[in-house]
Amino acid sequence: MLMASSTLTLLTPSAYFSPSSFTPQSEASVPSSLLKSLKLPPFWPWQNRKKVKMGPLSVSPMGFGTWAWGNQLLWGYQESMDSDLQRVFNLAVENGVNLFDTADSYGTGRLNGQSEKLLGKFIKDLQGKEQGQDEIVIATKFAAYPWRLTPGQFVDACKASMERLQIEQIGIGQLHWSTANYAPLQELALWDGLVAMYEKGLVRAVGVSNYGPKQLVKIHEYLTARGIPLSCAQVQFSLLSMGEDQFEIKKICDSLGIRLIAYSPLGLGMLTGKYTRSKLPRGPRSFLFRQILPGLKPLLSSLEDIAQRRQKTIPQVAINWCICKGAIPIPGVKTVEQAEENLGALGWRLSGSELLQLENAAEESPKKMIQNIFQTK
C-alpha cells in the first residue's frame with residue numbers, strides 16, 4: 001500500500017499542515033538532524049479520522065468525487081490511469097477518507113458505469129482489510145433517464161450499480177436530478193423508486209442531488225410521510241457557487257437534519273490557482289474558464305494570501321471553506337498529488353475573519369459559476 005512505502009520527511013509537507021498542527025514543545029524537543037532522517041507519512045491520520053453523521057452513517061468530513069473516473073470528454077480519462085486511481089483510492093482510505101461519490105452515468109460511451117466498476121475493484125483489492133472495506137461508504141446517484149418511468153426500473157438500476165460495485169448494499173442511494181422542470185409526472189416514480197430501494201435494504205440511506213429549495217422540502221415531506229429519512233442533499237457549493245439558492249438549501253438542510261454535500265468545491269478547477277487566461281485546461285472547460293477567470297482576481301488573491309499565512313495551498317483553503325460552512329466537500333481526484341493536496345484541507349479550520357475575507361472577495365467577482373441546468377427551484 002502506498003502509505004507503507006512513503007518516505008517523506010517531516011519537513012517536506014509544509015503545505016499540508018497549519019501552524020496549529022504542531023506545538024512548539026514537540027518541535028523543540030526533537031533535534032533537527034533527527035527530524036530530517038525520520039520517515040513519516042505526509043499526513044497525521046488521526047486528524048482525519050473524526051467522522052460526521054450522515055443519517056445512519058458515519059462519514060469523513062470530506063469525501064472524494066469520481067466523476068473523472070471514466071469521463072474522456074471532460075476529464076481526459078484513459079484506462080492506463082487505473083493504477084494511479086487505485087493508488088488515489090488507497091491513499092484516501094489510509095488517511096481516514098471513507099466517503100466516495102459516484103453515479104451510474106459516470107463514464108462516456110462504452111465506458112458508461114466505469115467509475116462504479118473501478119470503485120468496486122479497488123474496494124475488493126484492499127488486500128484483505130475487511131475492516132476498511134466495511135467502513136467505506138459509497139454514495140452513488142441514479143440518473144433520471146427518460147426511459148426510467150417506474151419505481152421498479154429504479155430498483156433495477158440500483159441492482160445494476162451494486163453489481164458493478166461488487167457490494168451487497170450501497171451506502172447512500174441518491175437521485176441524480178429532479179425531473180420537476182420538464183417531466184413532473186416522472187418525479188413520483190423517482191421518489192417511489194428511492195423508497196423501494198430503501199425498503200428492500202438495497203441502500204442504507206437515501207439522498208438527492210441538484211434539488212433546489214422548494215423541491216427539497218417537497219421530497220423531504222414525502223419521504224417523512226413514508227417513514228424514510230432524507231440523509232443528504234448534494235448541490236454545487238463553493239466560493240464560486242454561493243448564491244441565494246445555495247444558502248437557502250443549506251438553511252433547509254440544517255433545519256431538517258439533512259447533511260449538505262458540496263460538489264465542485266473547486267469550481268471545476270478555477271479555484272486551484274493553476275489556471276490563467278493564457279493557461280487554460282483542455283476540452284470544454286476552457287470556454288467556461290475564459291468567461292469567468294478574468295474576474296476572479298480578488299478571490300484568488302485572497303485565497304493566496306490566506307494560503308501563504310496558513311502554510312497551505314489555494315485548493316486546501318477553498319475546500320476548507322466548504323467544511324467550515326458545514327458542508328461535506330467531494331473534490332474530484334485523478335492523481336496521487338491531487339489526493340495528497342486535498343487531504344491537506346483536513347485537520348484545521350479557517351477563522352471567522354478569514355471566512356469573511358474570502359466571501360467578500362467572492363462577492364466582488366463579476367461572474368459566478370454557471371449552475372447545473374438540472375437544478376430545480
Give me the extension gain from N181 to V336: residue separation times 0.36 nm, minus the current Cα-Cα distance, reported in nm with one decimal. 51.9 nm
FRET E, pair D305, A143, Förster distance 35 Å, beta-carbon r, rounded to 0.05: 0.30
Ranked packing of 177-188, 332-343, most packed first, by mean Cβ within 10 Å: 332-343, 177-188
If you count only protein heavy atoms with a 1.4 Å probe, what accessible area per residue comes out for the range 105-236, rounded to a whole Å²? 42
Place the peptides 297-308, 279-290, 318-329 in order of packing, highest mean first, counting for every residue the other Cβ atoms within 10 Å and averaging per peptide. 318-329, 297-308, 279-290
Please give the peptides 310-317, 242-249, 212-219 ranked by average Cβ packing (other Cβ atoms within 10 Å per residue), highest first, as a rough proxy for protection. 310-317, 212-219, 242-249
For the range 303-347, what is the convex hull (Cα atoms) projected area averaged across all directions, in square nanometres? 3.1
Mind listing the Cα extents of the range 246-329 along all three principal axes, in Å, largest one first? 45, 33, 18
Percent accessible area from carbon and sulfur atoms, the range 53-166, protein chains only, probe 1.4 Å: 52
Could you check how much of the accessible area of the range 290-341 is carbon and sulfur, as a whole percent, using a 1.4 Å probe? 44
Could you rank W191, W69 by how accessible they are, 1.4 Å probe, largest area first? W191, W69
For the range 59-118, the Cα convex hull volume per residue in Å³ comes to 75
When Lys and Arg each count +1 and Asp and Glu each count -1, what net charge do the other residues less than 10 Å away from A262, Cβ to Cβ, add up to? +2
Taking R0 as 35 Å and r as the Cβ-Cβ distance between E364 and D254, the FRET efficiency 1/(1 + (r/R0)^6), rounded to the nearest 0.05, comes to 0.85
Binned at 5 Å starting from 0, the alpha-carbon pair-distance distribution of the range 214-262 in whole percents comes out as 5, 21, 32, 23, 11, 5, 2, 1
Extension reserve of the V217-R110 stretch, reckoned as 0.36 nm per residue once the Cα distance is removed: 34.8 nm
Give me the extension gain from Q86 to K159: residue separation times 0.36 nm, minus the current Cα-Cα distance, reported in nm with one decimal. 23.9 nm
What do you reckon, how do M270, M81 stack up by accessible area (1.4 Å probe), largest on top? M81, M270
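The values are calculated or read from the model by the stated rules, or taken from the named source; none is laboratory data. This structure is a prediction, so every number in the text was calculated from the model and none was measured. We place every Cβ from the backbone using ideal geometry, glycine too, and count neighbours over all the protein chains shown. Side chains included, ligands, DNA and RNA excluded: accessible areas come from the protein's heavy atoms. Shrake-Rupley method; radii C 1.70, N 1.55, O 1.52, S 1.80 Å.
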